[in-house]
Amino acid sequence: MQIVTTIRETRQIIHNASREGKTIGFVPTMGSLHEGHLSLIRRAKTETGFVVVSIFVNPTQFGKDEDFETYPRNLDRDAALSESAGADLIFCPDAGEMYPKGFQTYVEVAEITTGLCGAARPGHFKGVTTVVAKLFNIVKPHKAYFGQKDAQQAAVIEHMVRDLDMDLDIVRCPIVREPDGLAMSSRNVYLSARERNAAVVLSQSLFQAEEMIRQGIRDASEIRQYIASVIQKEPLAQIGYVEVVNAVSLKKVDFIAGQILIALAAKFGNTNLIDNLCIEV
Ligand code: AMP
């Protein structure tokens, strides 16, 4: 496995792999890898011939009061984990390589970025789509792998790919959870022991809501209120949002039918956690 920091070298290595007839799989990450990321790399390894992992804490997707400076970084550990999961190349540029002086071009997906996480994080998805578009242009993957953990992000990327006629497949991979149900996240390391224990309420509330839907409840506001009431019983949790939306358009629904996404965000101390559940009825 090679580790490179420049766009030029990355292109050269991928060009050589393509010339050998290998299909290119791509897993964009911000590092601090866990089993969720590794599941994407392993999936890419089974479906493509050359797996590229990018590790870049992208400054343009962080708000000014967010955790860009403190976001956990550990390249040596990430490289070892990526290699063990099957990565062939790590691209880990610095901010100057991705955003040289004078940079002024952005990619913005409109409506679908306004709700859920987009409502509380203005500019976040513009940073995400801009960096992912740049990474797609650098890596030129046949397939790129994204986690359902960030369901809105995956939907936004799919929209961008469709709208801009980008020539690749987006593969969504299921959420990897801790044994007690907490969705794995690089941000979980910020949680104190008490917050970590409390955070399990998020997945529990979603699993209970899933059971209610399985038993026939179709009123979206009843589901929303139920989830909120479960989370509110946990004193360390501060709800950001709980929404029941169409899984493709991310528009709010009143009635549960078709492909539905139940998405939520809550803060534990200063740590913002998200989780979701996709259900077909
Ligand atoms: P990040 O490093 O947080 O930007 O995440 C990089 C990729 O890993 C994104 O596509 C995420 O959706 C995905 N990912 C993060 N956590 C998980 C998880 N628990 N399960 C599955 N995919 C995940």
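Sorting the segments 107-116, 93-102, 140-149 by their residues' average number of neighbouring beta-carbon atoms within 10 angstrom, most packed first, yields 140-149, 107-116, 93-102. In this structure, the residue pairs whose Cα-Cα separation is over 31 Å, taken from 140/267; 126/233; 101/149; 101/267; 64/101; 101/251, are 140/267; 126/233; 101/149; 101/267; 101/251. Projecting the Cα positions of 159, 203, 257 onto the charge dipole of the chain (unit charges on Cβ atoms of Lys, Arg, Asp and Glu, taken about the Cα centre) puts 159 furthest along the positive direction.
With K and R counted +1 and D and E -1, the other residues having a Cβ less than 15 Å from that of residue 235 yield a net charge of +2. Note that the chain presents 48 Å² accessible area per residue, ligands and nucleic acids not counted, probe 1.4 Å.
The stretch 84-104 and the stretch 166-218 have Cα centres spaced 29 Å apart. Once the Cα-Cα distance is subtracted from the 0.36 nm per residue extended length, the residue 19 to residue 270 segment shows a gain of 85.6 nm. Label zone (residue 232, point 7 Å along Cα-to-C-beta; backbone nitrogen cut-off 19 Å) within the stretch 246-281: 263-269. Taken one residue at a time, the phi angles of the stretch 264-281 give Karplus couplings (6.51, -1.76, 1.60, θ = phi - 60°) of 8, 9, 8, 9, 10, x, 8, 9, 8, 10, 10, 7, 7, 9, 9, 9, 10, 10 Hz. Gly and Pro are set to x. May I ask for the net charge around residue 201, where only other residues with Cβ less than 12 Å from the Cβ of residue 201 are counted and Lys, Arg are +1 while Asp, Glu are -1? Here the count lands on -2.
Dipole magnitude for the stretch 231-276: computed about the Cα centre from +1 point charges on Lys and Arg Cβ and -1 point charges on Asp and Glu Cβ, it is near 60 debye. Estimated translational diffusion coefficient (Stokes-Einstein, Kirkwood radius over Cα pairs, 4 °C, 1.567 mPa s) of the stretch 155-274: 82 µm² per second. Amide H contacts under 5 Å for residue 74: 32, restricted to partners 5 or more places along the chain or on a different chain, H placed in the peptide plane at 1.01 Å from N. Distant-in-sequence amide contacts of residue 147, defined by a placed amide H-H separation under 5 Å and a gap of 5 or more residues or a different chain, comprise 173. Residues within the reach of a label modelled at residue 248 (point 7 angstrom out along Cα to beta-carbon, backbone nitrogen below 14 Å), restricted to the stretch 203-228: there are none. Surface composition of the chain: carbon and sulfur make up 49 percent of the accessible area, probe 1.4 Å. You can think of it this way: the chain between residue 119 and residue 259 has 48.2 nm of extra reach, that is 0.36 nm per residue less the Cα-Cα gap. What does a probe at residue 218 reach in the stretch 255-281, counting residues whose amide N is under 15 Å from the point 7 Å along Cα→Cβ? Residues passing the 15 Å test: 255-260, 280-281.
Dipole size of the stretch 60-153 about its Cα centre, with +1 on Lys/Arg Cβ and -1 on Asp/Glu Cβ: approximately 260 debye, rounded to the nearest 20. Site pair residue 5 and residue 189 shows an inter-label distance of 2.0 nm when each label is modelled 7 Å from Cα along Cα→Cβ.
Principal axis extents of the Cα atoms in the chain, from largest to smallest and rounded to whole angstrom, are 55, 39, 38. Using only side-chain charges placed at the Cβ, +1 for Lys and Arg and -1 for Asp and Glu, the dipole size of the chain relative to its Cα centre rounds to 240 debye.
In summary, the aspartates and glutamates within cross-link reach of residue 45, defined as a Cα separation below 17 angstrom excluding same-chain residues under 8 places away, comprise 20, 35, 78, 83, 88, 169.
Per-residue ellipticity at 222 nm for the chain, helices alone: DSSP H runs ≥ 4 residues times -39500 (n - 2.57), over residue total, nearest 500 deg cm²/dmol? It lands at -11500 deg cm²/dmol. Calculate the FRET efficiency for residue 180 and residue 70 from the Cβ-Cβ distance with a Förster distance of 25 Å, rounded to the nearest 0.05. FRET efficiency, residue 180 to residue 70: 0.50.
Highest mean first, the peptides 167-176, 152-161, 62-71, 241-250 sorted by other C-beta atoms within 10 Å per residue fall in the order 152-161, 241-250, 167-176, 62-71. Identify which of 238, 12, 104 has the largest mean-square fluctuation in a Gaussian network model of the chain, with springs joining Cα atoms closer than 10 Å. Among 238, 12, 104, the largest GNM mean-square fluctuation belongs to 104.
Distance between Cα centroids, the stretch 108-160 to the stretch 13-32: provide it in whole Å. Here the two parts' Cα centres lie 19 Å apart.
The values are calculated or read from the model by the stated rules, or taken from the named source; none is laboratory data. Quick caveat: nothing in here was measured; it's all calculated off a predicted structure. Cβ atoms come from the backbone with ideal geometry, glycine included; neighbour counts cover every protein chain shown. Accessible surface areas use protein heavy atoms only, side chains included; no ligands, DNA or RNA. Shrake-Rupley method; radii C 1.70, N 1.55, O 1.52, S 1.80 Å.
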